[in-house]
Amino acid sequence: MNKKLSISQWIIIGLLFFGLLSFLTNESLEGNFLEKMESNTEKGEDDIRIMSILYYINEFQVGLGTVLFGNGIAFGESSYGKMIERAQDFGFYRVDIGIFGEFNTFGLLYVIFMLYVLVNFCIFKRKSISPLYTSIFAIMLSSYVLNGTVDMPYRLLLWPLLLYLIDLEEYEKKVTVR
């Protein structure tokens, strides 16, 4: 089956590329991001986000299990929770490091799953999904992006449930067409 991208999909890809390029070279936010990183590196200063990424990867991603499945959500009373709180005292917040924070919390399988969902929905399935599920997906995705990490276990259950409903709808459409 040959799947070609539609014009709107190419526009979305172009906008994402342009947005990334604008972020990296934008002067109005905090100055040019690339130049800021370069000047900090020349001064011997590291970007706090780079330091956070290195800290969480070096301290917590020590075995295959933690790489694949992550370290989990930190609760303050546990020794792990206290380690995360101490890291936050130094300015190392997992929420600030985006996908690397998700990798630290939930692991590589989760990150691959979320990227697959995003790419699959935005590029390939978008046209075949009902507006109701599209709206739910958009609300969940924006909530995920705005709230940072998925800090409540029930939120983890919403993604598979929504994907199941989308696939069920597609399956029922195929069965009724035959």
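Tabulated values for the structure
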| item | result |
| --- | --- |
| Residue within segment 87-99 that is over 19 Å from Asp47 (Cβ atoms) and without any contact (Cβ under 8 Å) to a residue 40 or more places away in the chain present | no |
| Val117 vs. criteria open to solvent by less than 50 Å² (accessible area, probe 1.4 Å) and modelled with pLDDT of 75 or more | yes |
| Tally, over segment 52-77, of residues that are assigned to a helix (DSSP H, G or I), in contact with a Gly (Cβ under 8 Å, 6 or more places away or on another chain) and under 16 Å from Val95 (Cβ atoms) | 2 |
| Members of segment 63-106 found to be among the acidic types (Asp, Glu), closer than 21 Å to Arg49 by Cα and surrounded by fewer than 17 Cβ atoms within 10 Å (Cβ to Cβ), listed by number | Glu85, Asp89, Asp96 |
| Residue match in segment 133-149 (condition: assigned to a helix (DSSP H, G or I), open to solvent by 50 Å² or more (accessible area, probe 1.4 Å) and at pLDDT 80 or above) | no |
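The values are calculated or read from the model by the stated rules, or taken from the named source; none is laboratory data. Small disclaimer: the values here were computed from a predicted structure and weren't measured. Don't worry about glycine lacking a Cβ; one is built from the backbone with ideal geometry, like all the others, and counts go over all protein chains shown. Note: accessible area is taken over every heavy atom of the protein model, side chains too, but ligands, DNA and RNA are not part of it. Shrake-Rupley method; radii C 1.70, N 1.55, O 1.52, S 1.80 Å.
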